[in-house]
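Undergrad: Take this structure, written in structure tokens, and hold onto it; I'll ask about it next.
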Amino acid sequence: MSRLMRVGGEPLVATRELTAVSADGSRLHVEVYGPEGAPALVLAHGWTCSTLFWSAQIRALTGAGEYRVVVYDQRGHGRSPAVGRDGYSTDALADDLEAVLATALAPGERAVLAGHSMGGMTMMAAAGRPGFREHAAAVLLCSTGSSRLVAESLVLPMRAGRLRTRITRAVLGARAPMGPVTPLSKAMLKYGTMGPGASPERVAECARIVHACPRAARVAWSHVLADLDLAVGVRELTVPTAFIAGTADRLTPPVHAREIVAALPHSLGLTELTGVGHMTPVEAPEVVTAKLRELVNEYVAVPAAPAGPADSSEEKEQAV
């Protein structure tokens, strides 16, 4: 039975649920929304999130049957099972995306790919892969970075340096359970990951998603992110690529966005959202959705319906 997505509005029912099998045999939960044959988008969520993170985009893009949206749970998140200790790596992120693309898209089908935070790192990790190059027509990166994530993090209000880096690494990799969603935990989550103007409803939405992430996966991925270096992947991201970042992002401050945009072979520019934090698809859903719509309309070919006899104005003029 299709899962009901209840975050952010009325329930959404997946058109199809699939299982993608990655290179190491890991199984990934995949959901498809919208009609078969419609222009496709594939969305990859970030660390501690799940397919629920993209609820606003799914609702807006598939409500009128215009597009087909594919979302999946990164390994260890949501309904994708956890893996062994050695199964968490940037290579695994790339393997998993290739498996999802091969499972959800037809051979040679082009789509817009988008990633938030670790999902954006997935795009960078996979950029040189054959499966990525076969299917990626354009990319949207949201609130992400390619290296020095711990050193550049502003979660701790301390002067940059070795002490802040060491403490930040310990905080982000803490093994303590998240526990239930409480007013205190929501306040902490908002401080660390969202802008000061984020509404209580959107803070609560993010808290429910993040607190549902299994502790083992959260900790394992934190170690991968702490030592991240995807500079080569940025240079291999040769498809048209746009970037959205919040100026109040403490986890991946805009310095990352500016560096990546400057290094992209085919940059479509950076959109900086004043006062928005790390959770851009939830905090500014309309902006993210509009950019996705713009990219798919520009870069994913939609076959035009054949014109009937004397349908076009040109043909009518010739007939006169």
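The values are calculated or read from the model by the stated rules, or taken from the named source; none is laboratory data. Because the structure is a prediction, the values reported are computed rather than measured. When we count neighbours, we look across all protein chains shown, and the Cβ atoms used for this are built from the backbone with ideal geometry, even at glycine. For accessibility, only protein heavy atoms count, side chains too; no ligands or nucleic acids. Shrake-Rupley method; radii C 1.70, N 1.55, O 1.52, S 1.80 Å.
Undergrad: What single numbered condition from (1) closer than 30 Å to Asp227 by Cα; (2) modelled with pLDDT under 95; (3) of a type in the set (D, E, K, R) fails to hold for Arg27?
TA: The failed condition is (2).
Undergrad: Moving on. Quick check on the stretch 292-318: of everything there that is at pLDDT 95 or above and open to solvent by 40 Å² or more (accessible area, probe 1.4 Å), which residue is nearest to Val71 (Cα to Cα)?
TA: Per the criteria, the residue is Arg293.
Undergrad: Which residues, taken from the stretch 249-288, are among the aliphatic types (A, V, I, L, M), in contact (Cβ under 8 Å) with a residue 24 or more places away in the chain and farther than 19 Å from Ala151 by Cβ?
TA: Leu264, Leu268, Leu270, Leu273, Val276, Met279, Val282, Ala284, Val287, Val288 - these are the residues of the stretch 249-288 that are among the aliphatic types (A, V, I, L, M), in contact (Cβ under 8 Å) with a residue 24 or more places away in the chain and farther than 19 Å from Ala151 by Cβ.
Undergrad: Now, a different point. If I ask for residues that are aliphatic (A, V, I, L, M), more than 23 Å from Arg218 (Cβ to Cβ) and not in a helix (DSSP H, G or I), which ones from the stretch 24-62 would you list?
TA: Once the filter is applied, which keeps residues that are aliphatic (A, V, I, L, M), more than 23 Å from Arg218 (Cβ to Cβ) and not in a helix (DSSP H, G or I), the stretch 24-62 yields Val32, Ala38, Ala40, Leu41, Val42.
Undergrad: Which of the residues that make up the stretch 198-225 are within 29 Å of Pro130 (Cα to Cα) and surrounded by fewer than 16 Cβ atoms within 10 Å (Cβ to Cβ)?
TA: Within the stretch 198-225, His223 is the sole residue that qualifies.
Undergrad: Anything in the stretch 18-37 that is open to solvent by less than 10 Å² (accessible area, probe 1.4 Å) and either aliphatic (A, V, I, L, M) or at positive phi (or both)? List them, or say none.
TA: Result: Ala20, Leu28, Val30, Val32.
Undergrad: Same structure again: Which ones in the stretch 251-291 are assigned to a loop (DSSP other than H, G, I, E, B), polar (S, T, N, Q) and surrounded by 18 or more Cβ atoms within 10 Å (Cβ to Cβ)?
TA: Thr252
Undergrad: Starting from residues that are open to solvent by less than 40 Å² (accessible area, probe 1.4 Å) and among the hydroxyl-bearing types (Ser, Thr, Tyr), keep the ones in the stretch 182-197 and report whichever is nearest to His211 (Cα to Cα).
TA: This residue is Ser185.
Undergrad: Can you tell me which residue within the stretch 161-195, out of those that are among the β-branched types (Val, Ile, Thr) and part of a helix (DSSP H, G or I), is farthest from the chain's Cα centre (by Cα)?
TA: Ile167
Undergrad: Scan the stretch 61-75 for residues that are buried (at least 20 other Cβ atoms within 10 Å of the Cβ) and within 27 Å of Ala284 (Cβ to Cβ) and jot them down.
TA: Narrowing the stretch 61-75 to residues buried (at least 20 other Cβ atoms within 10 Å of the Cβ): 61-62, 67-75.
Result: Leu61, Thr62, Tyr67, Arg68, Val69, Val70, Val71, Tyr72, Asp73, Gln74.
Undergrad: Out of all the residues in the stretch 164-181, is one or more farther than 16 Å from Gly46 by Cβ, out of contact with any Asp or Glu (no Cβ under 7 Å at 6 or more places or on another chain), surrounded by fewer than 17 Cβ atoms within 10 Å (Cβ to Cβ) and polar (S, T, N, Q)?
TA: Looking for residues that are farther than 16 Å from Gly46 by Cβ, out of contact with any Asp or Glu (no Cβ under 7 Å at 6 or more places or on another chain), surrounded by fewer than 17 Cβ atoms within 10 Å (Cβ to Cβ) and polar (S, T, N, Q), one finds none in the stretch 164-181, hence no.
Undergrad: Could you list all residues from the stretch 196-250 that are within 24 Å of Thr165 (Cβ to Cβ) and in a loop (DSSP other than H, G, I, E, B)?
TA: Once the filter is applied, which keeps residues that are within 24 Å of Thr165 (Cβ to Cβ) and in a loop (DSSP other than H, G, I, E, B), the stretch 196-250 yields Cys213, Asp227, Leu228, Leu230, Thr247, Ala248, Asp249, Arg250.
Undergrad: Taking only the stretch 73-88 into account, find how many residues are free of Cβ contacts under 8 Å to residues at least 24 places away in the same chain and under 19 Å from the mean Cα position of the chain (by Cα).
TA: Residues of the stretch 73-88 free of Cβ contacts under 8 Å to residues at least 24 places away in the same chain: 84, 86.
Retained after the next criterion (residues that are under 19 Å from the mean Cα position of the chain (by Cα)): none.
Count: 0.
Undergrad: Please work out if Leu93 is in contact with a strand residue (DSSP E or B) (Cβ under 8 Å, 6 or more places away or on another chain) and either open to solvent by less than 10 Å² (accessible area, probe 1.4 Å) or of a type in the set (Phe, Trp, Tyr) (or both).
TA: Against the criterion (in contact with a strand residue (DSSP E or B) (Cβ under 8 Å, 6 or more places away or on another chain) and either open to solvent by less than 10 Å² (accessible area, probe 1.4 Å) or of a type in the set (Phe, Trp, Tyr) (or both)), Leu93 does not qualify.
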